[in-house]
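A short write-up of the structure that comes next.
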C-alpha cells in the first residue's frame, strides 16, 4: 500500500478530474478527495496482489441461481370480488372523482 508521502494520485490530477466532471471543488475538497482516492487506489492495489489467476472474477461472492421465480399464471380475483369493497362502481370499474376538469 502506498505511504502517505508517496501518493498515487496527486491533487493536480484530482483538480483535472474535477474539471472534466464539471465539478467546482474548493482547495480543502481537493485535498480531501486526493487523500480518499489515494486510499481507494491503495486498497485496490492490495486486493490485486492477493487475486490469483485460478480464482475467477465474480460479481457476487455467493453462487446465485434462479433468483427470479417462474412467471406462472394463477387464478386471480373476479371482477365482483375486486369491486366488492369499492365505494363507487361504474360499468364494472372503480368510479373515482373527476380530476383536472376532464370529462
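Rg over Rh for region 43-103 works out to 1.47, both radii taken from alpha-carbon positions and Rh defined as the Kirkwood radius. With a Förster radius of 30 Å applied to the beta-carbon distance between residue 74 and residue 50, the computed FRET efficiency rounds to 0.05.
Convex hull of alpha carbon positions in region 11-50: directionally averaged projected area 2.8 nm². Measuring nothing but alpha carbons in the chain and taking Rh as the Kirkwood radius, the Rg to Rh ratio lands at 1.40.
In the chain, Cα pairs under 8 Å separated by at least six residues give a relative contact order of 19 percent.
Computed from the coordinates by the stated procedures, all read-outs in this text should not be read as laboratory data. As the structure is a prediction and not an experimental result, all values here were calculated from the model. Cβ: placed from backbone, ideal geometry, glycine included. Neighbour counts: every protein chain shown.
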